[in-house]
Amino acid sequence: MRAKSEQLIERARRFIPGGVNSPVRAFKGVGGEPVFLRSGEGAWLEDVDGNRYIDYVSSWGPMILGHRHPDVVAAIRKQAQLALGFGAPTELEIELAERIVAAVPGVEKVRLVNSGTEATMTAIRLARGFTGRDLIVKFQGCYHGHSDSLLAKAGSGVLTLGIPNSPGVPEAIASQTLTLPFNDAGAVRRAYAAYAGRIACLILEPVAGNMGCVPPLPGFLESIRQSTQEDGSLLIFDEVMTGFRVALGGAQARYGVMPDLTTLGKVIGGGLPVGALGGRRDIMDHLAPDGGVYQAGTLSGNPLTAAAGIAMLDALNDDFYVALEERTDTFAAELRALCVRHGRRATVNQVCGMFSIFFDAPERVTAFEHVANANSDAFARFFHAMLERGVYLAPSAFEVGFLGAQHSQDVLDATLAAADGALAAI
Ligand SMILES: *Cc1c(COP(=O)(O)O)cnc(C)c1O
């Protein structure tokens, strides 16, 4: 029973567009009405009607230690007793920056902002300012927040400049974005040949996580590193999701490919609003106040977020990710085995702490096309069958599930038991 949630969405719709403050929360991707939540602890959520769920949304990534982790909560409490913010420098900002620089190989200096969107938007401005070029390259199916330049879709053919994929984005801006197929190194080489000396940067999710989980093919990251370098164009890894998620040092540490700039968010804020951009010192020094590329933020690096982020990063280390990877791999293998047992054709992709299930998809899901052609109706049925069995998955076939420290063997076993029932029911 979710009577209270149903009342709340009606009330919310009167005052908030669509009733939500971020579109995916409205359940349009799976149908039905959203669940209103009121508390969380570890792997568990409780909704306003008192129903309990095992959570795989994890606040879209930050909750890698589970809800209400005692160290993070204590750090926020302690800071709240001192001050909520000044808009002036604090030592906490240095402490968070030091931890990020120590962990992420491509980051020599870092600027804190308030969201992943801000981080990627600024990274692109910085790349343009640094190179003196205007064009940017992104991949189909990768999400980098909602700034104008990054809301472009592919034109009629590969190698044509982008067209807006949202009303309100001027064509003149979208046309500066070239959108290529993910995992297609040849398309990147051809783009750099066709637009030699004109592309400021290429931005990508090194493990795609916003079209479901799609890992890079072997050699893909190395190849785009070479294409960008040869052209004097910058490579930006958008690690807002993969940073402190697929390894302590993010995807760049995991795959050993060094970008020029890196964007971060999610985990580094301990659950509070955050973003960051970092990279090579010579590029980062082009940001104001030392350089001419402008960026600023009233609440950037605020002490509550910084304190939460520090507590979070202090709880993470290389061993944590070894264990998380092992648990993710086993869980994915068991989910695959369940699909086989129920005669459901499904592909499960996973990379350390991220997983997704694609129904009626090719055996190997490596491209946006594979994801786009998967059976999203089957996913919607699976989603609701899991929800009824007390498992809260992301309400969209194009999102990943997040595992963290909170998903103990007991929790994973309960999830697999629910999946067994759900796969029988759909
Ligand atoms: C979540 C996400 C963003 C946007 O971050 P917000 O904080 O929602 O603005 C950007 N890039 C990637 C890869 C993300 O996963």
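The values are calculated or read from the model by the stated rules, or taken from the named source; none is laboratory data. Treat the numbers as computed from the prediction; the structure is a model and nothing was measured. When we count neighbours, we look across all protein chains shown, and the Cβ atoms used for this are built from the backbone with ideal geometry, even at glycine.
Condition first: surrounded by fewer than 19 Cβ atoms within 10 Å (Cβ to Cβ) and under 13 Å from Phe355 (Cβ atoms). Now tell me which residues in the range 384-421 satisfy that.
Correct list: Leu416 only.
Hey, among the residues in the range 272-317 that are surrounded by fewer than 24 Cβ atoms within 10 Å (Cβ to Cβ) and among the β-branched types (Val, Ile, Thr), which one's nearest to the ligand (Cβ to nearest atom)?
Restricting to residues being surrounded by fewer than 24 Cβ atoms within 10 Å (Cβ to Cβ) and among the β-branched types (Val, Ile, Thr), the top hit is Thr298.
Among the listed residues Phe359, Phe379, Phe368, Phe355, which satisfies the condition of being crowded, with 19+ Cβ neighbours inside 10 Å, closer than 29 Å to Met63 by Cβ and more than 21 Å from the chain's Cα centre (by Cα)? I'd like the intermediate steps shown before the answer.
Numbers: Phe379 fails: more than 21 Å from the chain's Cα centre (by Cα); Phe368 fails: more than 21 Å from the chain's Cα centre (by Cα); Phe355 fails: more than 21 Å from the chain's Cα centre (by Cα).
Exactly one of Phe359, Phe379, Phe368, Phe355 is crowded, with 19+ Cβ neighbours inside 10 Å, closer than 29 Å to Met63 by Cβ and more than 21 Å from the chain's Cα centre (by Cα), namely Phe359.
Under 7 Å between Cβ atoms, which residue pairs at least 6 apart in sequence (or on different chains) link something in the range 19-39 that is of a type in the set (A, V, I, L, M) with a partner that is outside any loop (DSSP other than H, G, I, E, B) and within 16 Å of the ligand (Cβ to nearest atom)?
Val20/Ala26
Look through Glu230, Glu205, Glu171 and report the one residue that is under 24 Å from the mean Cα position of the chain (by Cα), assigned by TED's automatic domain parsing to the domain that holds Ile124 and of a type in the set (D, E, K, R). Before you say what the answer is, go through the steps one by one.
Working: Glu230 fails: under 24 Å from the mean Cα position of the chain (by Cα); Glu171 fails: under 24 Å from the mean Cα position of the chain (by Cα).
Of Glu230, Glu205, Glu171, the one residue that is under 24 Å from the mean Cα position of the chain (by Cα), assigned by TED's automatic domain parsing to the domain that holds Ile124 and of a type in the set (D, E, K, R) is Glu205.
Condition first: within 16 Å of the ligand (Cβ to nearest atom) and out of contact with any strand residue (DSSP E or B) (no Cβ under 9 Å at 6 or more places or on another chain). Now tell me which residues in the range 122-165 satisfy that.
Passing the criteria: His146, Ser147.
So in the range 1-47, with the set limited to residues that are of a type in the set (Val, Ile, Thr) and buried (at least 17 other Cβ atoms within 10 Å of the Cβ), which one is farthest from Leu393 (Cα to Cα)? It would help to see each step written out before you state the result.
Initial filter on the range 1-47 (of a type in the set (Val, Ile, Thr)): 9, 16, 20, 24, 30, 35.
Next, from what is left, pick out any that are buried (at least 17 other Cβ atoms within 10 Å of the Cβ): 9, 24, 30, 35.
Details: Ile9: 19, Val24: 12, Val30: 11, Val35: 12 Å.
Applying the filter and picking the extreme gives Ile9.
Take Arg68 and decide whether it is surrounded by 13 or more Cβ atoms within 10 Å (Cβ to Cβ) and under 17 Å from Ile310 (Cα atoms).
Values: surrounded by 13 or more Cβ atoms within 10 Å (Cβ to Cβ): yes; under 17 Å from Ile310 (Cα atoms): yes.
The answer is yes for Arg68.
Quick check on the range 267-275. Is at least one of its residues in contact with a helix residue (DSSP H, G or I) (Cβ under 8 Å, 6 or more places away or on another chain), in the same structural domain as Phe130 (by TED's automatic domain parsing) and closer than 24 Å to Ala397 by Cα?
Quick first cut of the range 267-275, residues in contact with a helix residue (DSSP H, G or I) (Cβ under 8 Å, 6 or more places away or on another chain) only: 267-275.
Within this subset, residues satisfying the condition of being in the same structural domain as Phe130 (by TED's automatic domain parsing) are 267-275.
Retained after the next criterion (residues that are closer than 24 Å to Ala397 by Cα): 267, 271.
Yes: one or more hits.
Which one of Leu151, Leu161, Leu126, Leu135 is of a type outside the set (Val, Ile, Thr), touching a Gly at 6+ places or on another chain (Cβ under 7 Å) and in the same structural domain as Arg198 (by TED's automatic domain parsing)?
Values: Leu151 fails: touching a Gly at 6+ places or on another chain (Cβ under 7 Å); Leu126 fails: touching a Gly at 6+ places or on another chain (Cβ under 7 Å); Leu135 fails: touching a Gly at 6+ places or on another chain (Cβ under 7 Å).
After ruling out the rest, the residue left standing is Leu161.
If I go through the range 369-383 residue by residue, how many of them are touching a residue at least 24 places away in the same chain (Cβ under 8 Å) and closer than 15 Å to Leu423 by Cβ?
6
Which pairs have Cβ atoms under 7 Å, sit 6 or more apart or on different chains, and link a residue in the range 248-269 that is within 23 Å of Ala323 (Cα to Cα) to one that is surrounded by fewer than 24 Cβ atoms within 10 Å (Cβ to Cβ) and of a type in the set (Phe, Trp, Tyr)?
So the pair list comes out as Leu248/Tyr321; Lys266/Trp60.
Look at the range 205-220 and say how many of its residues are surrounded by fewer than 24 Cβ atoms within 10 Å (Cβ to Cβ) and of a type in the set (A, V, I, L, M, F, W, C).
So the count comes out to 2.
Pick from Leu178, Leu202, Leu235: which is buried (at least 24 other Cβ atoms within 10 Å of the Cβ) and more than 16 Å from the ligand (Cβ to nearest atom)? Outline the logic, then answer.
Numbers: Leu202 fails: more than 16 Å from the ligand (Cβ to nearest atom); Leu235 fails: more than 16 Å from the ligand (Cβ to nearest atom).
The match here is Leu178.
Just the residues that are away from the ligand (no atom under 11 Å from the Cβ) and assigned to a helix (DSSP H, G or I), please, taken from the range 251-266.
Scanning the range 251-266 gives Gln252, Ala253, Arg254, Tyr255.
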